[in-house]
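In what follows, a structure is listed as structure tokens, so that the remarks can point back to it.
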Amino acid sequence: MADIQLSTAGEESKTLPAGITVAEAVKALCSSKERKKVVAVRAGERLLDMSEPLTEGGVLELVTKDSREGLNILRHSASHIMAQAVVELYGPDIKVAIGPATEDGFYYDFDRKEPFTPDDFEAVESRVREIVAAALPFSRETLSRAEAIKFFQEKGESYKVELLNDIEAETVSIYRQGDFVDLCRGPHIVNTSLLQAFKLIRIAGAYWRGDEKRPMLQRLYGTAFYDAKELKKYLDQLEEAKKRDHRKLGKELELFTISDLVGPGLILWQPKGALARRLIEDYWKDEHYRNGYELLYTPHIAKRDMWATSGHLDFYVNDMFSPMEVEDVSYQLKPMNCPFHIGIYKTRKRSYREFPIRWCELGTVYRFERTGALQGLMRVRGFTQDDAHIFCLPEQLEEEIFNIIDLNLHILKTFGFTEYDVYLSTRPEKYVGSDENWQKATEALKMALEKKGLPYQVDPGEGVFYGPKIDIKIKDVLGRAWQCSTIQVDFNLPERFQLGYTAEDSKEHQPIMIHRALMGSLERFFGVLIEHYAGAFPLWMTPVQAKVLNITDAQLDYAEKVFQQLRMAGVRVENDTRNEKLNYKIREAQLAKIPYMVIVGDKEKDTDTVTVRQRDGKNLEPMSVAAFAEMIREQSRIR
């Protein structure tokens, strides 16, 4: 076999024998210090583990332990090791399904008659440690699809057989570690001994392939790191996250509720939550007005024919609620706002002089999320998008994307989010529109990001069916990423709905449409805000800024007077005149995350002042009611 030329990025190539393994190539190309960090390589589009033979020359991109890809490889391998432990502990009757890496760990789905409980974790973790100590190699084999089907049929692994039946490729790969064999494309770590920091986290139910008509499987979640310190940091963060859980705080602070009377995934905003939402909405509307947007309102349903024209019935129907019949016409709850804005665009002829047209709406949409996927405010069935659509001329596209990015980052910063990851999501497998338009749209987004100097990652195949998009994932105070903002360029819908405008040449041309949401949905964004601030919101958006507390019943009338004065001055205030000890009322106000406690006793009553205690326990100097109200107004201007 002929020799091949191999190199790592930026280094001179070396002549090495064809058929050399990745591990041997890395040894030849890298220093001993460098190769200790390598867990895989990327050769072109292929991600290869260390046992893979190399038959072609080229540049090898090193995948190291400190990279996201390197961590994902460890976690994927950890899922296999955990599955091996479970099968060995609980016998041959258990069937295995799938076990991928996730954003912060991994999971594996099992079909087992007996339910797992947290009491099983110790036994599984103990068996994992034994497998790790054995340093079992991950061994890759290639089989024909027919051979793989026969192999897993003989093992009784019906879920693997179903997956294989859906694969079109003639050959597939399997991985072995010890006696455990799994269908997998890889890559994996060299052997099990690299898994030194591992922890099972929780148990959940999951329908096979997300279909509630299929078997309910048991999903074991875990996490893994190369470094025990990183695992401890993550577990500490997990404990902090439990304290900040928006579902727990939402109930304690009376912000929102989900009622069995109404149905799962449908949010009831309680007075305090509704007030916080109004403050967020008012700020959003003001900022959009300043940036040249006009506000729209549209209905919650539309004729089903509209969704056929838009393409949603072809590409999105499984996420839409069932249609309803009204006077023999089929209507649909809206999953999107965009066709409604197109309906407004089409009310009259448009001239190039009107562009860009910027329309925004806080539009409520409905999507059929499966019950098992619902999660508080983060995953719901009815939610309000902070939506906008821009219709522009081709020469305006780049500047409009710039403007959206600037407004987006400004609004995120106002809410306290200054760290984020940016992704460019490209064409999915199923799409509409010409390849040429997809290329134009993708290049426009890419160029805007590069000219703005925003670092980004390409997220292959994650665009929407009608166009590519920029996704911005904000990071909260715990460093967790949340998908919120999206910017999408669309040549498709203007074409499908035959949108036009009269250009300077007096001919009809087609506009470009930009879809964008900055917060994503008010529900999800509010859930992130609750966890980011642990319920202690900034003063400008907190639903209750102050609480008036009397010391004894002798100050009841004065407490009511102070309450009314503050309310009339625009302070969001509550009055607590219960016959309880002052320290008890202070403690309750602190637990309710109220920024200021306005205390009135005989001295305050006699001097027509108030004593102000902050949420952190610090007392301010006595002041007049008017001075306190002015202080609140001034501090509320800070965003």
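Each value in this text was obtained by applying a stated rule to the coordinates, not by laboratory testing. Keep in mind it's a predicted model, so treat the numbers as computed, not measured. Here Cβ is always computed from backbone atoms with ideal geometry, including for glycine, and neighbour counts include all displayed protein chains.
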Take the Cα atoms of region 214-309, find their three principal axes, and give me the spread along each one in whole Å, biggest first.
53, 41, 32
Name the residue from VAL26, SER79, VAL132 whose Cα lies farthest towards the positive end of the charge dipole of region 1-134, charges +1 on Cβ of Lys and Arg and -1 on Cβ of Asp and Glu.
VAL26
Roughly how tilted is helix 68-90, in degrees to the nearest 10 and between 0 and 90, from the longest Cα axis of the chain?
80 degrees
For the chain, averaging the sequence separation of alpha carbon pairs under 8 Å that lie six or more residues apart and dividing by its residue count, the contact order in percent is 8 percent
Using amide H atoms built in the peptide plane, which far-off residues or other-chain residues are under 5 Å from ILE98 H to H?
ASP109
Relative to the longest principal axis of the chain, what angle (0 to 90°, nearest 10) does the C-alpha long axis of helix 435-452 take?
60 degrees
Here region 119-126 yields Karplus 3J(HN,Hα) values (6.51, -1.76, 1.60; θ = phi - 60°; whole Hz; Gly and Pro given as x) of 5, 6, 4, 4, 5, 5, 4, 5
Angle between the chain longest axis and helix 228-244 axis [Cα atoms, degrees, rounded to 10]
30 degrees
List the trypsin sites (Lys or Arg not before Pro) in region 156-196 that DSSP assigns to loop (not H, G, I, E or B) and whose Cβ has at most 16 other Cβ atoms within 10 Å. Which are they?
ARG185
The set of residues whose placed amide H lies less than 5 Å from the amide H of TYR207, leaving out same-chain residues fewer than 5 positions away, is LEU217
Calculate the tail of P(r) for the chain: the fraction of all Cα-Cα distances greater than 49 Å, expressed in %.
26 percent
Please go through region 478-530 and write out the GluC sites (Glu not before Pro) that DSSP classes as loop and that have at most 15 other C-beta atoms within 10 Å.
GLU504
When CYS30, CYS392 are ranked with the fewest other C-beta atoms within 10 Å first, the list becomes CYS30, CYS392
Relative contact order for region 1-118 using alpha-carbon pairs under 8 Å, separation at least 6, rounded to a whole percent?
19 percent
Give a quick list of trypsin sites (Lys or Arg not before Pro) in region 324-404 that DSSP marks as loop, anything other than H, G, I, E or B, with at most 13 other Cβ atoms within 10 Å.
LYS346, ARG348, LYS349
Computed E for HIS509/VAL326 - FRET, C-beta separation, R0 45 angstrom, nearest 0.05
0.80
How large is ³J(HN,Hα) for each residue in region 592-599, as worked out from phi by the Karplus curve 6.51 cos²θ - 1.76 cosθ + 1.60 (θ = phi - 60°), to whole Hz, x for Gly and Pro?
7, 6, 7, x, 10, 10, 9, 9
Neighbour-count ranking for HIS410, HIS288, HIS188 (other C-beta within 10 angstrom, fewest to most) reads HIS410, HIS288, HIS188
Taking the Cα centre as origin and putting +1 on Lys and Arg beta-carbons and -1 on Asp and Glu beta-carbons, what dipole magnitude results for region 256-533, to the nearest 20 debye?
440 debye
Looking at the calculated P(r) for region 3-64, what percent of the C-alpha pair distances fall above 16 Å?
32 percent
Taking the Cα centre of the chain as origin, work out the dipole magnitude from +1 charges on Lys and Arg Cβ and -1 charges on Asp and Glu Cβ, in debye rounded to 20.
1220 debye
Of CYS338, CYS360, how do they rank once you tally other Cβ atoms within 10 Å and put the fewest first?
CYS338, CYS360
Quick check for me: using +1 on Lys/Arg Cβ and -1 on Asp/Glu Cβ, what's the dipole size of region 287-433 about its Cα centre, in debye to the nearest 20?
300 debye
In units of 2.2 N^0.38 Å, what is the alpha-carbon radius of gyration of region 544-636?
0.95
